[in-house]
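Novice: Can you keep this structure in mind? I'll have questions shortly.
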Amino acid sequence: MWLKKLSIKLRKRAFANTVLIQCSRLISDLLESDSDNNSRQEVQEIIGNHCFDIIRKKGSQEINDFRKEMIEKVLGIVQSDNPIISMRKELIHIIHSDTLNRTFFTEKFADHRKELYEAFNKYLDNSEIVNSDDTTSVIFIWSEAESCILRLLQSKYFEETSKDDWFSNYSKAYQAYIEMFFELILSKKNEKDFSINGVLFPVLKQQIEAFQQKLIGEVI
């Protein structure tokens, strides 16, 4: 019995080390200026995202901060009792952050960013980051970069992925949810007491929560 437990423990440790090493390599390939350009280009072509260019241009401190946060996230995932569920949970958190902060800059809401920031900032504690173009854009860029790295790790080590998997479907549903939420905020500022969104929003919220329950066994 003890031999079996030791074997499981060693396999788990080996898996964790492998994923962490791969995560570190991805960060180096995508962010460090002295990394192999061919390797960076190959990875970036796969993910099709240039948020890493923006982070790299901000300098070594930004890169170090991003690396530290990314490694901490992955370490928490691989050391958990159920790494697949932990990976899904982390990706859901990132979808939330990515979607919320990106939607401020979409064509539909770009002209109302100030109103939306004011509405959100009313409910922040003093310790929380105040919503503004600067903070929102930074969080959006980091979320995009984190999402790309975790998706590459997810596909290689955790579960099969595709363009139409749960991540894609949840992202679409959450985008609709956030857009409806923004519309409700703006309608209240314009003193409209009723809108169809006010009726549909609780239904969509229930669908999002049911989706989370199915994916990770809990509601975030």
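Novice: Looking at (1) modelled with pLDDT of 95 or more; (2) surrounded by fewer than 17 Cβ atoms within 10 Å (Cβ to Cβ); (3) of a type in the set (Phe, Trp, Tyr), which is the one condition that is false for residue 174?
Specialist: Only one criterion is unmet by residue 174, namely (2).
Novice: Also, quick follow-up: Under 9 Å by Cβ, and 6 or more places apart or on different chains, what pairs join a residue from the stretch 198-210 that is over 15 Å from residue 220 (Cβ atoms) and surrounded by 11 or more Cβ atoms within 10 Å (Cβ to Cβ) with one that is at pLDDT 90 or above and hydroxyl-bearing (Ser, Thr, Tyr)?
Specialist: Pairs found: 201/177; 204/177.
Novice: Residue pairs, Cβ under 7 Å, 6 or more apart or interchain, first in the stretch 16-30 and farther than 17 Å from residue 66 by Cβ, second surrounded by 14 or more Cβ atoms within 10 Å (Cβ to Cβ) and among the β-branched types (Val, Ile, Thr). List them.
Specialist: Between residues of the stretch 16-30 that are farther than 17 Å from residue 66 by Cβ and residues that are surrounded by 14 or more Cβ atoms within 10 Å (Cβ to Cβ) and among the β-branched types (Val, Ile, Thr), the close pairs are 16/78; 19/74; 19/78.
Rundown of residues vs (1) at pLDDT 95 or above; (2) among the basic types (Lys, Arg); (3) at positive phi; (4) over 15 Å from the mean Cα position of the chain (by Cα), yes/no style:
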| position | (1), (2), (3), (4) |
| --- | --- |
| 3 | no, no, no, yes |
| 14 | no, no, no, yes |
| 17 | no, no, no, yes |
| 38 | no, no, no, yes |
| 46 | no, no, no, yes |
| 49 | no, no, no, no |
| 64 | no, no, no, yes |
| 90 | yes, no, no, no |
| 93 | yes, no, no, no |
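Novice: Quick check on this structure: which one of 143, 132 is among the small types (Gly, Ala, Ser), over 14 Å from residue 183 (Cβ atoms), touching a Phe, Trp or Tyr at 6+ places or on another chain (Cβ under 9 Å) and at pLDDT 90 or above?
Specialist: The match here is 132.
Novice: Which of the following residues is touching a Lys or Arg at 6+ places or on another chain (Cβ under 6 Å), assigned to a helix (DSSP H, G or I) and either over 24 Å from residue 68 (Cβ atoms) or at pLDDT 85 or above (or both): 186, 215, 116?
Specialist: Step by step, each of 186, 215, 116 is checked, and only 215 is touching a Lys or Arg at 6+ places or on another chain (Cβ under 6 Å), assigned to a helix (DSSP H, G or I) and either over 24 Å from residue 68 (Cβ atoms) or at pLDDT 85 or above (or both).
Novice: State yes or no: is residue 119 farther than 16 Å from residue 23 by Cβ, among the aliphatic types (A, V, I, L, M), in contact with a helix residue (DSSP H, G or I) (Cβ under 6 Å, 6 or more places away or on another chain) and surrounded by fewer than 18 Cβ atoms within 10 Å (Cβ to Cβ)? First the steps, then the outcome.
Specialist: On the way: farther than 16 Å from residue 23 by Cβ: yes; among the aliphatic types (A, V, I, L, M): yes; in contact with a helix residue (DSSP H, G or I) (Cβ under 6 Å, 6 or more places away or on another chain): yes; surrounded by fewer than 18 Cβ atoms within 10 Å (Cβ to Cβ): yes.
For residue 119, the condition - farther than 16 Å from residue 23 by Cβ, among the aliphatic types (A, V, I, L, M), in contact with a helix residue (DSSP H, G or I) (Cβ under 6 Å, 6 or more places away or on another chain) and surrounded by fewer than 18 Cβ atoms within 10 Å (Cβ to Cβ) - is met.
Novice: Right, here's the next one. Tell me which residues, restricted to the stretch 78-111, are closer than 20 Å to residue 11 by Cα, in a helix (DSSP H, G or I) and in contact (Cβ under 8 Å) with a residue 24 or more places away in the chain. Walk me through it before giving the result.
Specialist: Just the residues of the stretch 78-111 that are closer than 20 Å to residue 11 by Cα, to begin with: 78-87.
Next, only the ones that are in a helix (DSSP H, G or I) stay: 78, 83-87.
Answer for the stretch 78-111, where residues must be closer than 20 Å to residue 11 by Cα, in a helix (DSSP H, G or I) and in contact (Cβ under 8 Å) with a residue 24 or more places away in the chain: 78, 83, 84, 85, 87.
The values are calculated or read from the model by the stated rules, or taken from the named source; none is laboratory data. Given the structure is predicted, the values throughout are model-derived calculations rather than measurements. So basically every Cβ, Gly included, is an ideal-geometry build from the backbone, and we count neighbours across all protein chains shown.
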